[in-house]
Amino acid sequence: MILEGRTLAQSIREPLPQRAERVRQKLGRALCLCAIGSTEDYGAYTYLHKEVTAAQALGVKTQIFKVDKNTPSQEFISLVKKLSQDPQVDAILIPRPLPAHLAATDYATYLAPEKDIDGMSALSAGHLFLCKTWAEIENLKGFVPCTAMAVIKLLNYYHVELPGKEVAVIGRSSTVGRPLAHLLTCQNATVTLCHTHTDLPRALKDADVICTAAGAPGLIKTSWLKEGSTLIDISTNWQNNHLCGDATATELDARGLSYSPVPGGVGPVTLAVLLENIILCGERKPL
């Protein structure tokens, strides 16, 4: 089975224009999204423009602030503070990677959690990791990292059983791997969090579900996977002039394994979740 994400993404996005209009009437103005993006990562900056364009289609006012290796750290921090404190700014997005000197700052400390649509601040992460059950996740007033939530939505949409199952997550980033592992635990899965020092053939041999976000084309060998397992490929790698994930689709097809494709799997769902989070910023905003 191929777990394509476009159908699910469309179902999430379908009611958003009406919800955005209700928010506009409530606030007496359009929702406002501000993004701070690094121009030094072509892929991330290109995807940011795609996100902004999709938000504009919902009637959201948008603005991108560019940063690079020459941006002073204090200027970056001041911008985050300014946007967080501005009552006319409803949602803030700061895609990673950032230039190293900016990433090393404590900028997320100043990011208002009610505007933090990708759940990247320490406060947002803290609220997430205090949750033990899925009901607690659903009752969060903040936001969960969009890609991690998109994976859960995709698995649930295709009725992939998680309670009691063995799940391996490859990648321990604060934006995908670690929050995803926690969300899966809250879905009552037993999770192994893998990284560069993990013996992957051993870690994956008993996994019912594998979620890979390593960013390494050809990393996953189908010989490591057991029959009947499901692979969620989160990575978007550029190789030989096309996008691919960490696994090879033809090899997965040959084994008859279920998997999400790249492109067209987790990516569209991630964008839909992000757009819904922008709307939620306005819906939750007190008058």
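The values are calculated or read from the model by the stated rules, or taken from the named source; none is laboratory data. From a predicted model like this one, the values you see are computed outputs, not experimental measurements. Because the Cβ atoms are built from the backbone with ideal geometry, glycine has one as well, and the counts that use them run over all protein chains shown.
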Exercise. Quick one: is Arg13 at pLDDT 95 or above, crowded, with 17+ Cβ neighbours inside 10 Å and basic (Lys, Arg)?
Worked result: yes
For this session: Hey, can you tell me all the residues within the stretch 115-141 that are surrounded by fewer than 19 Cβ atoms within 10 Å (Cβ to Cβ) and in contact (Cβ under 8 Å) with a residue 12 or more places away in the chain?
Result: Ala122, Leu123, Phe129, Cys131, Lys132, Thr133, Trp134, Glu136, Ile137, Leu140, Lys141
Seminar exercise, completed: Checking Ala20, Ala35 in turn, the sole residue that is assigned to a helix (DSSP H, G or I) and under 23 Å from Ser124 (Cβ atoms) turns out to be Ala20
For this session: Could you pull out the residue among Leu280, Leu257, Leu252 that is more than 18 Å from Tyr158 (Cβ to Cβ) and not basic (Lys, Arg)?
Result: Leu280
For this session: Run Tyr42 past the list (1) aromatic (Phe, Trp, Tyr); (2) farther than 19 Å from Val273 by Cβ; (3) in contact (Cβ under 8 Å) with a residue 12 or more places away in the chain and report the number of the one that doesn't hold.
Result: (3)
Exercise. Would you pick out the residues in the stretch 16-25 that are closer than 30 Å to His159 by Cα and surrounded by 12 or more Cβ atoms within 10 Å (Cβ to Cβ)?
Worked result: Leu16, Pro17, Arg19, Ala20
For this session: Specify which of the listed residues (Gly164, Gly171) is on the phi > 0 side of the Ramachandran plot and either outside the structural domain of Ala247 (by TED's automatic domain parsing) or free of Cβ contacts under 8 Å to residues at least 40 places away in the same chain (or both).
Result: Gly164
Problem set entry | Residue within the stretch 41-63 that is touching an Asp or Glu at 6+ places or on another chain (Cβ under 6 Å), closer than 30 Å to Leu252 by Cβ and surrounded by fewer than 14 Cβ atoms within 10 Å (Cβ to Cβ) present | no
Exercise. Which one of Ala125, Ala150 is of a type in the set (Gly, Ala, Ser) and either out of contact with any Gly (no Cβ under 9 Å at 6 or more places or on another chain) or assigned by TED's automatic domain parsing to the domain that holds Ala214 (or both)?
Worked result: Ala150
Exercise. Within the set of pairs 6+ apart or on separate chains, which have a first residue in the stretch 50-74 that is part of a helix (DSSP H, G or I), a second that is of a type in the set (S, T, N, Q), and C-beta atoms under 6 Å apart?
Worked result: Val52/Thr62; Ala55/Thr62; Gln56/Thr62; Ser73/Thr105
Problem set entry | Scan of the stretch 82-110 for residues that are within 19 Å of Ile278 (Cβ to Cβ), at pLDDT below 95 and not charged (D, E, K, R), ordered by number | Pro95, Ala108
Exercise. Listed residues Asp116, Asp106; which is farther than 30 Å from Lys221 by Cα, under 14 Å from the mean Cα position of the chain (by Cα) and among the acidic types (Asp, Glu)?
Worked result: Asp116
Problem set entry | Lone qualifier among Leu225, Leu219, Leu184, Leu180 - being more than 22 Å from the chain's Cα centre (by Cα) and surrounded by 15 or more Cβ atoms within 10 Å (Cβ to Cβ) | Leu225
Problem set entry | Residues satisfying the stated conditions in the stretch 73-101, i.e. β-branched (Val, Ile, Thr) and in contact with a Leu (Cβ under 7 Å, 6 or more places away or on another chain) | Val80, Val89, Ile92
Seminar exercise, completed: Apart from one, (1) in contact with a helix residue (DSSP H, G or I) (Cβ under 7 Å, 6 or more places away or on another chain); (2) more than 21 Å from Ala103 (Cα to Cα); (3) among the aromatic types (Phe, Trp, Tyr) all hold for Phe143; the odd one out is (2)
For this session: For Gly28, state whether it is exposed (fewer than 13 other Cβ atoms within 10 Å of the Cβ) and more than 21 Å from Phe143 (Cα to Cα).
Result: yes
Exercise. Does any residue in the stretch 90-106 that is outside any loop (DSSP other than H, G, I, E, B) come within less than 7 Å, Cβ to Cβ, of a residue that is among the hydroxyl-bearing types (Ser, Thr, Tyr) six or more places away or on a different chain, and which pairs are these?
Worked result: Ile92/Ser84; His101/Ser73; Leu102/Thr71; Leu102/Ser73
